[in-house]
Amino acid sequence: MKQYYYLICSLPFIKEEEAPSINSGEFRRLCQEQVSDKDLQLLDAVSLVAIKANPFPADSTAYQWLDLEKNLRKRMADYRAARKSEKTSRAMPKAGDVSDIDRGIQEAYAKPNPAEREKYLDSIRWHWLDELEFGHYFDVNKLFIYKLRLLIHEKWLSRKNEQGYQNFDRIVAAINDRSQSAEEIKTEEN
C-alpha cells in the first residue's frame with residue numbers, strides 16, 4: 001500500500017471541538033497533487049452518507065466506516081420504531097443485550113432537541129474514526145479518515161441558527177394553519 005508521508009505530515013491537525021483550518025476542497029487539491037489516481041478516485045467517493053454499493057476494498061477504513069454507518073442508521077430506525085409503537089416486531093433491546101451503539105442511540109435520543117441529538121451521534125462517529133485510525137498513520141486510510149473528519153465539521157459549519165429558526169417558525173405556522181382550518185370545518189359542521 002502506497003504511503004503518503006509528506007502529505008499527511010503537512011495536514012493541519014483536526015480537533016472535534018474546533019473548526020478546522022482547511023476545508024474538503026483545499027484538502028482535495030492537496031491530495032490531487034500527491035495521491036495516485038486510483039486512491040484519489042476512492043478518496044472522492046468517501047462520504048458521511050451510507051451508500052448501497054461500497055466501492056472500497058474490504059480491508060479499508062472507508063469500507064468499515066460505511067458498515068458502521070449503515071449499522072448505526074438501521075439501529076436508529078429500529079429504536080425509533082420500537083419507541084413509536086409497542087406493537088412493532090422490532091423490540092427494544094433487553095438491558096443485557098444493549099451494545100455500545102444501542103446505548104449511544106438511547107443517550108442521543110434522551111437529548112432535548114434534534115440538534116443536540118445529532119451532535120451526540122456525530123461524537124459517536126468521531127470516536128469510531130479514532131478507533132479506525134489506529135495503525136493507519138501514512139496510508140490512504142488515514143486520508144479517508146481525515147476527509148470524514150472534515151465532512152463532519154463542514155456539516156455543522158454549513159448549518160445556520162437563523163435559518164433553523166426560520167424553518168421552525170415556518171413549520172409551526174403551517175401546522176397552526178392546518179389546525180385552524182380543521183377547527184373551522186368542525187364549527188361549520190355544527
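Structure data summary
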| item | result |
| --- | --- |
| Magnitude of the charge dipole, the chain, Cβ model with Lys/Arg +1 and Asp/Glu -1, debye to 20 | 360 debye |
| Listed pairs K74/K111; K52/K111; K70/K155; K84/K119; K74/K155 exceeding 28 Å between Cα atoms | K52/K111 |
| Burial ordering of H153, H136, H127, fewest other beta-carbon atoms within 10 Å first | H127, H136, H153 |
| Of [x] 1.45; [y] 0.98; [z] 1.33, the label for Cα Rg over 2.2 N^0.38 Å derived from the coordinates | [z] |
| Packing-based exposure ordering (other Cβ within 10 Å, fewest first) of W156, W126, W65 | W156, W126, W65 |
| Extension gain (nm, one decimal) between K84 and F138, 0.36 nm per residue minus Cα-Cα | 14.9 nm |
| J(HN,Hα) series, the stretch 19-33, from Karplus relation 6.51 cos²θ - 1.76 cosθ + 1.60, nearest Hz, glycine and proline x | 5, x, 8, 9, 10, 5, x, 5, 4, 5, 4, 5, 5, 4, 6 |
| Simple label model, 7 Å out from Cα along Cβ direction - S10 to N54, nm | 3.2 nm |
| Label-point separation in nm, L30 to S179, each point 7 Å along Cα→Cβ | 5.1 nm |
| The stretch 100-129 and the stretch 12-63: distance between their alpha carbon centers, rounded to Å | 23 Å |
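Read the figures in this text as sums done on the coordinates, not as results from a lab. Quick caveat: nothing in here was measured; it's all calculated off a predicted structure. With ideal geometry, Cβ positions are generated from the backbone for all residues, glycine too; neighbour counts draw on all protein chains shown.
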